[in-house]
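Working notes for the structure below.
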Amino acid sequence: MSKICLENMEFYAFHGVLEHENKLGNTFLVSVTMEVDTEKAGISDNLNDTLNYQLVYNVVKEQMNISSKLIEQVGHRILDTLFNAFPQITNLKVHLSKLNPPLGAKVERVSIELNKARK
């Protein structure tokens, strides 16, 4: 097994409980780590024998464009959509960060990390 990682994909999106978060938006970072079998692709050099990470990016972007109050919901949507769309993923980790959250003090980010594995 191998891991394919898309790290710190940056999105400007409208997620948050506070009204101004939904109007002004914020910057979010998303990283996904996917465990897949890359042995065949390592020999064939054929994209059809591995996970096309452009398609993975497209899923993440689509989910980030759907406004939510909680990053927990966004993270679970990304996790579930990727896991269902790509059966070759045996283990999946999604790390989602909201930069400069409005907490009344300087906080670099708040993050959630989710994991899912095939049984």
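We did not get these values from a lab; they are worked out from the coordinates using the rules stated. Please read these numbers as outputs of a predicted model, since none were measured by experiment. Heads up, the Cβs are rebuilt from the backbone with ideal geometry, glycines too, and the neighbour counts pull from every protein chain shown.
List of remarks:
- The trypsin sites (Lys or Arg not before Pro) of region 1-69 that meet both conditions, a loop assignment by DSSP and at most 15 other Cβ atoms within 10 Å of the site Cβ, are K69.
- Filtered GluC sites (Glu not before Pro), region 46-119: DSSP coil and at most 16 other beta carbons within 10 Å: E108
- Relative compactness, the chain, computed as alpha-carbon Rg over 2.2 N^0.38 Å: 1.16
- Positive-end residue, region 8-86 charge dipole about Cα centroid, Cβ charges, pick of A85, G16, N58: G16
- Calculated [222 nm] ellipticity per residue, helices only, for the chain: -9500 deg cm²/dmol; basis is -39500 (n - 2.57) per DSSP H run with n ≥ 4, divided by all residues, nearest 500.
- Here region 1-54 is treated as an ellipsoid with the same Cα gyration tensor; its semi-axes, largest first and in whole Å, are 36, 10, 7.
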